[in-house]
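The values are calculated or read from the model by the stated rules, or taken from the named source; none is laboratory data. Remember, predicted model here, so these are calculated numbers, not experimental data. When we count neighbours, we look across all protein chains shown, and the Cβ atoms used for this are built from the backbone with ideal geometry, even at glycine.
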Amino acid sequence: MSATSFETLWPSLPVPSIIVSDDDKICEVNSSAEGFLNASAKSMRGVPVMDKLAIDAPLEEAFERVRRDDAPMFINNVDVSGGNAAPVQCNIQIAPLSGKPGWVLLLMEPRQIADRLGRSHSVKSSARSAIGMAEMLAHEIKNPLAGITGAAQLLSMGISAEDQELTDLIVEESRRIVALLEQVEQFGNLRPPSRRPINVHDLIDRARKSAQLSYAASMKFVEEFDPSLPPTFVDGDQFMQVFLNLFKNAAEASDKKEGGVIRIRTFYDLSLRLRRKDGSGAALPLQVEIIDDGPGLPPEIAGDIFEPFVSGRENGTGLGLALVSKIISDHEGWISVESNPGKTVFRISLPVAPKEPS
């Protein structure tokens, strides 16, 4: 590989990557590895790789095997840490470096990224399938329900108070089903997003104020914003719906009598890139995390929480998070979730708005 090709490709690798010499010293690290290890490339060059990485695997033996066999090696689901950061579960790839006998390339793919990429297709397919179902349900059910509601209201005018409770129940339940169908109908909206440059903090602030006037009135919001974030490129109205749904989910997850805490964190992270259908890559560096202190997702549904009709609440519809996933997917973004008792984190990764031609 020419020096020019290396200078172009090396910084673009989307996962933490390290080139290790034949004496196990760091020669080069890419920008993702700098962020992952919380250290600059300059400070790590010439340092033994074992001094900078703590890996729950026999790394020396792996290097020896790759060098001996001149073949790559894969190690999945190992804890990796560097600096003072907590361990992160990663899939590791070690490969011999062409033209450099004894040198190896070490790639560390955090499992959070791998899991998000692996789930993307199924999430999109499930959301698309729900579109056809939405159209059918809206047409076949909403119109008869309107007739049932109207008939019940007419009956209530000439019956006793005791019997009127039954007609009131019919009206109430019919309206509840209509509200449910209106949620489902949102999946049938095939209108492409009207995207424009927008400050994600403005959207979050509007959604927070709206949530605090209703379902999140008892919740405490804590904001940890990076004010230097550039604008993102989204449909503002659709992303208002995203944040409102996530705040509602966080508020309903709280099991505290006086309300829990919803923490909103924004930051810049270049570790994730999206591959488009045409083969081109797109960075998703703008990160928004919405964190609640509830009991966490039930383990049996944690991996399917973005699928339609999957809900961890007894009376939940399982549509809010599926709609969130659909909107973010339509914007070529990503959403993932990590859940443990006392801490559930929904993380949204978004693109930066393109620069306007000068």
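Brief remarks on what is shown
- Residue, farthest from Val66 (Cα to Cα), within segment 26-52, restricted to residues that are charged (D, E, K, R) and surrounded by 16 or more Cβ atoms within 10 Å (Cβ to Cβ): Glu34
- Tabulated pairs, segment 79-105, first assigned by TED's automatic domain parsing to the domain that holds Val29, second modelled with pLDDT of 80 or more and of a type in the set (Lys, Arg), C-beta under 6 angstrom, 6+ apart or interchain: Gly82/Lys52; Gly102/Arg67
- Looking across segment 20-59 at every residue that is in contact (Cβ under 8 Å) with a residue 12 or more places away in the chain and polar (S, T, N, Q), the one that is farthest from Ser81 (Cα to Cα) is identified as Ser21.
- With a requirement of 1 or more residues that are modelled with pLDDT under 85 and not hydroxyl-bearing (Ser, Thr, Tyr), the strands (runs of 3 or more DSSP E) lying completely within segment 247-358 that satisfy it span 273-275, 281-283.
- In segment 181-204, the residues that are at pLDDT 90 or above, in a helix (DSSP H, G or I) and crowded, with 16+ Cβ neighbours inside 10 Å: Val200, His201, Leu203, Ile204
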